Amino acid sequence: MRKTCKRGLLGAALLLAATTSSWSAEPVGPKDVVFEETIVKASLTSQPGNPAEGRKAFADRKLGNCLACHKNTEMSEQQFHGEVGTPLDGVAERWKPDELRAIVINSKKVFGPDTVMPGFYTLDVGVNVDKKFEGKTILSAQQVEDIVAYLATLKN
Ligand code: HEC
C-alpha cells in the first residue's frame, strides 16, 4: 500500500515536470508545427507577436522580403513593391490570424505545392529559394509571430 502511494507521488512529480517543461520559452520547431487543414492555431512562441518588429522583418530584404512580391500601401515609404503576389492591403479582413500564421509558416499548405511564395518556417523552403537556406528556416519562430501580428493590423 505504501509502495503504490510513493509510486503515485513519483508519477505525479514526473507529470508535473513534463507539463512545466512544455510551458518553457522553447519555440515550436519547424518539424513540430501542427497544421489543422489550412490553419495553425497555436503560437510558435510563448511571447506574443510584436507588430512593430514584424513590420521591420516584413520589409527587411534579408528576412521576410515580402515587398519583393507584395504591394503594401501602409509601407509606402519603402521604394519597391513587387506584383507577383496579391497586394496585402486589408489582408487582415480576408484571413484570420491562425490562417495568416499558416500562410507565413508554409504557404504550400494553404495555396498548394505550386505557389511561388516561399515557406518561411519550414525546412521545405521552395524551389527558387537560395541554397543557403537548406536545412534552415528563413525566419525564426518569433519573427513569424511578429509578422503575423503586423499582418493582423492591415485592415482597410
Ligand atoms: C516570391 C514571391 C513571394 C514572396 C517573397 C512572398 N509572397 Fe506572399 N504570396 C505570393 C503569391 C504568388 C501569393 C498568392 C497565392 C498564390 O497564388 O500562390 C501570396 C499570398 C500571400 C498572402 C495571402 C494574400 C491574400 O490577400 O489572399 C499573404 C498573407 C502573404 N502572401 C504574405 C506574405 C508575407 C508576410 C511574406 C513575407 C514574409 C510573403 N508573403 C512573401 C508570393 C510571395
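We did not get these values from a lab; they are worked out from the coordinates using the rules stated. Just so it is clear, the structure is predicted and the values come from calculations on it, not from any experiment. In this analysis, Cβ positions are derived from the backbone assuming ideal geometry, glycine residues included, and neighbour counts consider all displayed protein chains.
Here is how the numbers come out for the structure above:
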item: FRET efficiency, 1/(1 + (r/R0)^6) with R0 22 Å, evaluated for PHE80 and ASP130 via beta carbons; result: 0.70
item: Candidate lysines - alpha carbon under 19 Å from LYS56, same-chain residues fewer than 8 apart omitted; result: LYS71, LYS155
item: Pair THR153, ASP60: separation of 7 Å Cα→Cβ label points (nm); result: 1.6 nm
item: Mean Cβ neighbour count within 10 Å, used as a protection proxy, ranking 68-74, 111-117 highest first; result: 68-74, 111-117
item: Karplus 3J(HN,Hα) series, Hz, for region 95-104 with 6.51 cos²θ - 1.76 cosθ + 1.60 (x for Gly, Pro); result: 9, 7, x, 6, 7, 4, 4, 4, 4, 6
item: Per-residue HN-Hα couplings for region 55-65 [Karplus 6.51, -1.76, 1.60; θ = phi - 60°; Hz; x = Gly/Pro]; result: 4, 5, 5, 4, 7, 5, 5, 9, 10, x, 6
item: Long-range HN-HN contacts of ILE39 with modeled amide H, under 5 Å; result: none
item: 3J(HN,Hα) from dihedral phi, region 135-147, Karplus parametrisation 6.51/-1.76/1.60, rounded to Hz, x for glycine, proline; result: x, 10, 9, 6, 10, 7, 4, 5, 5, 4, 4, 5, 5
item: Region 27-151: C-alpha gyration tensor shape, a/c 1.5 cut-off, then a/b vs b/c; result: rounded
item: Residues whose placed amide H lies under 5 Å from that of CYS69, excluding near-sequence neighbours; result: GLY82
item: Highest to lowest packing among 61-67, 140-146, scored as the average C-beta count within 10 Å; result: 140-146, 61-67
